[in-house]
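Novice: Quick one: the structure is below, questions incoming.
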Amino acid sequence: MTDPQDASTGDPRVIGETARRRTFAVISHPDAGKSTLTEALALHAEVIDSAGAVHGKSGRKGVTSDWMEMERARGISVSSAVLQFAYRDCVINLLDTPGHGDFSEDTYRVLAAVDAAVMLLDAAKGLEPQTLKLFDVCRSRGVPIVTFVNKWDRPGREALELLDEVEQTIGLRPMPLTWPLGIAGQFKGLIDRDSGAYTAFTRAAGGATKATATAVDAGTIAAQEPEYWRDAQDELGLLDEIGATWDEKAFLAGTATPVLFGSALSNIGVARLLDSLVELAPAPAPRPDVEGDDRPLAAPTSGLVFKVQAGMDKAHRDRMAFLRICSGRFERGMVLTHAATGKPFATKYAQSVFGSERRTVEEAFPGDIVGLVNATALRPGDTLYAADPVEFPSIPAFAPEHFAVIRARDAGKYKQFRKGIEQLGNEAVIQILRSDRRGDQAPVLAAVGPLQFDVVTGRLETEFNAPVMLDRLPYQIARLTEPAAVDALSSQSECEVLRRDSDGEYLALFSNKWRMDIIQRKFPDLRFEAMPAGSSVT
Ligand code: G4P
């Protein structure tokens, strides 16, 4: 074992271990089958247990958070932050993303920690509003996307029509890797486009949902299903003609997507999806720092905090920061430096959250996710490093479009209220804005989507015992501005300037674009700068 304090010794395994990592997230509209697919993926693979990168440590069983309890019945909790499992000779890290577009800022942060995404579509519905929003987040991060068309076991749309929708709506060129024999609902099996091999899927008798896969010779299936076979051959010919074939460069550049068909529930095409991720999805690459220089994978340990979550452990109400390892080997107990403050950060309590269980992480490599317990100083976007200083670009906050003033309902609970607001702000559950005019008793919440307000009020009441009153404000637009705008705009109507807790930036809020343009003309020397949009895609 290397000395945990001495990160500079390096570890010869880093490059090899990194090449085995595949770190991705699934994005989908609610109900498309993300939970079902997550379970199917994990069940296919050998879940890493006492051997391997994550060492099991029982004794914490039964300690689950409120939201995990809701998922418990499903066996593997899909609310868990990260599932890590072995498949073939790879280590797969599957990160959870919120399904609703109102939380696209959270999704954006998770996507800062992955190397690829699986876009899951319901065969009957195609691209749905939330998929579009989440896809847009993927595109803005340049994450390569693998598409899985799910629920092919039941009636749905035509395969070519779905592909056309993907290309026309989001401009992503589809490159099917498999092709279904039989229309959705009359599904017989999958043709592998590369080899031409055919696999038949048959439901087991007795109502079992899992289908069994059998390799069937092309001549045999052509004789058994002449019409479907002919249709499929015609469609495959068309795909070849239009050049819808595998193009690695276009996939990595985020302009084309490999497409697979299947059914998560019936376990059809799931192994093929895993094979594709292992074979086609990129392993972690060196991450650029704030200067734009790549941090080599073999450099001393470094990582990016992409998510902070509190209340995961009901017994302790602790706070966990999720760190994506970007370089070097992480070893539990090593002392890292928090780039934002220059302070040391001890990693004695490093864990992975798997389902309702937590396990101690002894070591991790680039691409892996480590949960750091009681990380009160850490915020999403922070860098931790060993030895060689580095700072990765922080994760930008999205332009909020919904605003509300929040106050404690009960003056006697103000202390709890203040503590709760501070914590939720640190977790980046919502943006917190303040001004002298409004005072600390009445901060303004700024959200990308209105469901964020529900999370804040719910958590303040249940976790902090601080019931609140929320009054929506009639603003729709926020722009980054400068301190001088506070006084300049104080006498203007339908606008207001507040300061953001997380980074001290000043935000000017306007009732609408028309009003903003007038103010801008009135104060031509003031800067009003747009932020990345998270929810404006429809
Ligand atoms: P989500 O996490 O994306 O919200 O979706 P989830 O997995 O919960 O799936 C939503 C519904 O779609 C579930 O049905 C699930 O069983 C079903 N489903 C998922 N994959 C497939 C598939 O490949 N084929 C078919 N036919 N159905 C699929 P439910 O009735 O809402 O719940 P349940 O009672 O079946 O659990």
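The values are calculated or read from the model by the stated rules, or taken from the named source; none is laboratory data. Bear in mind the structure is a predicted one, so any value in this text is a computation, not a measurement. Ideal geometry is used to build each Cβ from the backbone, glycine not excepted, and the neighbour counts take in all protein chains shown. Surface areas here come from the heavy atoms of the whole protein model, side chains and all, with no ligands, DNA or RNA. Shrake-Rupley method; radii C 1.70, N 1.55, O 1.52, S 1.80 Å.
Novice: So, of the residues in segment 27-45 that are more than 6 Å from the ligand (Cβ to nearest atom) and in a loop (DSSP other than H, G, I, E, B), which turns out to be most open to solvent (accessible area, probe 1.4 Å)? So that I can check it myself, show each step before the final result.
Specialist: Pass one, segment 27-45, residues more than 6 Å from the ligand (Cβ to nearest atom): 27, 29, 37-45.
Next, only the ones that are in a loop (DSSP other than H, G, I, E, B) stay: 29, 45.
On the way: His29: 37, Ala45: 14 Å².
Looking at residues that are more than 6 Å from the ligand (Cβ to nearest atom) and in a loop (DSSP other than H, G, I, E, B), I get His29.
Novice: Against the definition (closer than 18 Å to Ser104 by Cα, in contact with a His (Cβ under 9 Å, 6 or more places away or on another chain) and open to solvent by less than 10 Å² (accessible area, probe 1.4 Å)), how does Leu134 come out, yes or no?
Specialist: Spelling it out, Leu134 is indeed closer than 18 Å to Ser104 by Cα, in contact with a His (Cβ under 9 Å, 6 or more places away or on another chain) and open to solvent by less than 10 Å² (accessible area, probe 1.4 Å).
Novice: If you don't mind, there's one more thing I want to ask. Please go through segment 135-177 and give me each residue that is within 16 Å of the ligand (Cβ to nearest atom), within 22 Å of Ala40 (Cα to Cα) and either within 22 Å of the chain's Cα centre (by Cα) or hydroxyl-bearing (Ser, Thr, Tyr) (or both), ordered by number.
Specialist: Answer for segment 135-177, where residues must be within 16 Å of the ligand (Cβ to nearest atom), within 22 Å of Ala40 (Cα to Cα) and either within 22 Å of the chain's Cα centre (by Cα) or hydroxyl-bearing (Ser, Thr, Tyr) (or both): Thr147, Phe148, Val149, Asn150.
Novice: A further question follows. Listed residues Ala123, Ala112; which is assigned by TED's automatic domain parsing to the domain that holds Gly269 and under 27 Å from Ala211 (Cα atoms)?
Specialist: Ala123
Novice: Restricting attention to segment 394-405, does a residue exist that is assigned to a loop (DSSP other than H, G, I, E, B), of a type in the set (A, V, I, L, M) and modelled with pLDDT under 95?
Specialist: yes
Novice: Return the only residue of Asp471, Asp517 being at pLDDT 95 or above, part of a strand (DSSP E or B), over 30 Å from Thr341 (Cβ atoms) and of a type outside the set (Lys, Arg).
Specialist: None of the other options fit; the residue is Asp471.
Novice: Output the residue which, of all residues in segment 86-101 that are more than 15 Å from the ligand (Cβ to nearest atom) and open to solvent by 10 Å² or more (accessible area, probe 1.4 Å), is farthest from Ala184 (Cα to Cα).
Specialist: In this case the residue turns out to be Asp89.
Novice: If you don't mind, another one. If I ask for residues that are part of a loop (DSSP other than H, G, I, E, B), in contact (Cβ under 8 Å) with a residue 60 or more places away in the chain and open to solvent by 10 Å² or more (accessible area, probe 1.4 Å), which ones from segment 346-393 would you list?
Specialist: Once the filter is applied, which keeps residues that are part of a loop (DSSP other than H, G, I, E, B), in contact (Cβ under 8 Å) with a residue 60 or more places away in the chain and open to solvent by 10 Å² or more (accessible area, probe 1.4 Å), segment 346-393 yields Ser356, Glu362, Arg379, Pro380, Asp382, Ala387, Asp388, Val390, Glu391, Pro393.
Novice: In segment 485-525, which residue that is in contact with a helix residue (DSSP H, G or I) (Cβ under 6 Å, 6 or more places away or on another chain) and among the acidic types (Asp, Glu) is least open to solvent (accessible area, probe 1.4 Å)?
Specialist: Asp501
Novice: Scan Leu190, Leu274, Leu280, Leu260 and give me the residue that is away from the ligand (no atom under 16 Å from the Cβ) and aliphatic (A, V, I, L, M).
Specialist: Criteria check complete, one pass: Leu280.
Novice: Criterion first (under 19 Å from Val259 (Cβ atoms) and either part of a loop (DSSP other than H, G, I, E, B) or without any contact (Cβ under 8 Å) to a residue 40 or more places away in the chain (or both)) does Trp179 satisfy it?
Specialist: no
Novice: Related question: For the list (1) modelled with pLDDT of 50 or more; (2) outside any loop (DSSP other than H, G, I, E, B); (3) open to solvent by 70 Å² or more (accessible area, probe 1.4 Å); (4) more than 16 Å from the ligand (Cβ to nearest atom), I need the number of the one condition that Gly16 fails.
Specialist: (3) is the only condition that Gly16 fails.
Novice: Being within 19 Å of Val143 (Cβ to Cβ) and at pLDDT below 90 is true for just one of Lys348, Lys314, Lys307. Which residue is that?
Specialist: Just a single option satisfies the conditions, and that option is Lys307.
Novice: Only one of Gly458, Gly449 is out of contact with any strand residue (DSSP E or B) (no Cβ under 9 Å at 6 or more places or on another chain), farther than 24 Å from Leu526 by Cα and not in a strand (DSSP E or B); which?
Specialist: Gly458
Novice: While we're looking at this one, here's another question. Going by the structure shown, is Ala428 closer than 21 Å to Glu105 by Cα, in a loop (DSSP other than H, G, I, E, B) and in contact (Cβ under 8 Å) with a residue 40 or more places away in the chain?
Specialist: So Ala428 passes the test.
Residues are listed down the side, and each one gets a yes or a no for (1) at pLDDT below 95; (2) outside the structural domain of Leu473 (by TED's automatic domain parsing):
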{"position": "Thr376", "(1), (2)": "yes, yes"}
{"position": "Glu391", "(1), (2)": "no, yes"}
{"position": "Arg418", "(1), (2)": "no, no"}
{"position": "Gln423", "(1), (2)": "yes, no"}
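Novice: Would segment 186-193 turn up any residue that is assigned by TED's automatic domain parsing to the domain that holds Val118, β-branched (Val, Ile, Thr), over 24 Å from Ala25 (Cα atoms) and open to solvent by 50 Å² or more (accessible area, probe 1.4 Å)?
Specialist: no
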